[in-house]
1. Between residue 213 and residue 230, with labels modelled 7 Å along Cα→Cβ, what's the label distance in nm to one decimal, could you check?
2. Based on the alpha-carbon gyration tensor of segment 158-281 and its eigenvalue square roots a ≥ b ≥ c, which shape applies: rounded if a/c is under 1.5, prolate if not and a/b is larger than b/c, or oblate?
3. First check a/c for segment 2-89, with a ≥ b ≥ c the square roots of the eigenvalues of its C-alpha gyration tensor; if it is under 1.5, answer rounded, and if not, answer prolate when a/b is larger than b/c or oblate otherwise.
4. Of all beta bridges DSSP finds with both residues in the chain, what is the antiparallel percent, to the nearest 5?
5. Quick check on the exposure proxy: order 190, 118 from fewest to most C-beta atoms within 10 angstrom.
6. Using alpha-carbon positions, what is the distance between the centroids of segment 74-113 and segment 196-224, in Å?
7. Residue farthest toward the positive end of the dipole of segment 96-272, with Cβ of Lys/Arg at +1 and Asp/Glu at -1: which of 270, 209, 142?
8. For residue 189 and residue 18, FRET efficiency with R0 = 22 Å and r from the beta-carbon atoms, rounded to 0.05?
Amino acid sequence: MDVVLRPLSERFFQETVLPFLTLAMTNATGALEALAPRVADEEVRFLCEHLLASALPGGLRAVEAEPWTRLVERLIFLQWREGPAGWELDGARAGYAGDWDEALHLALMVESPDYPYWDARAARAERDACRLKPPERLGLASMMVGLWEPFPEFPPDQVFSTQGRGGYVLSAHFAFADWTWRPSPTVRQWHVNLFRKLERLLAREQERLKLPSLPERDEVLAYWGGKAPQPPPLVVSFSGLGARATQWIRELGVITGHVREAAQGRTALVSMVTQGSHARF
């Protein structure tokens, strides 16, 4: 399973997609009728017409699952801009796709000062617990396991699901699903705090290795911070932690690069856990 991170067309999502999904929970036909004229995209309009032709009165249980999934994926994971005839596609923008378990491992290394990344069994147990009940206030790691912040007006796992994971507790304002998003101010705050958290991670690694200093510390931080195009070729950090550990520095640089790009572009982010090993869009 992969996790995918994509830039999100924030105003389109907030003004068009979220109200559409909220209404669709109880009145799918009304939501589809309201959406079609607002989006200047032939595929979206075709899917709306197809769903309307076969829908029964009621909420999402009254619509066909496969075309509904195609419609939601198109609305959420593609880029949109406002045009003269309504919202239209704005081309493709690069995102991140990587192994879900490893990406979550790296995110927890950065976000959680207590995550036992050096202990394979304990680390896996914590990741499994995160997937069952996503933790709050763990930034990118919380997003990768589908926690919704801010809390939505609809159960997101009932709108769209790839793994069947999800929960919605209205009284606790707690929701998670196989997909989620973060507003642009949140992403910018992640970026503000990121360097400090990366320094903290390397300090933990120095302590684990019982070294007076990490010889490649500055070079690794420069790569993670986007100031160097490549990581140093030979590093002591994370040595002895398995065959994949040597790739953690590079992969973490890729992930932090996407956060940095989104923050600098003042864009929101959306994430989804895919069904297979490749993103479908």
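1. Result: 2.5 nm between the two label points.
2. Details: a/c = 2.03, a/b = 1.79, b/c = 1.13.
Prolate, because a/c is 1.5 or more and a/b exceeds b/c.
3. Working: a/c = 1.71, a/b = 1.37, b/c = 1.25.
Cα axes put segment 2-89 in the prolate bin.
4. Taking every DSSP beta bridge within the chain, about 95 percent pair in antiparallel fashion.
5. Numbers: 190 22, 118 17.
Sorted ascending by nearby Cβ count, the order is 118, 190.
6. Between the Cα centres of segment 74-113 and segment 196-224 lies a distance of 29 Å.
7. The residue sitting farthest along the positive end of the dipole is 209.
8. For residue 18 and residue 189, the calculated efficiency is 0.55.
Rule-based calculations on the coordinates, nothing more; no lab input. Since the structure is predicted, the reported quantities are computational estimates derived from the model, not experimental observations. Backbone-built Cβ (ideal geometry, glycine too); neighbour counts: all protein chains shown.
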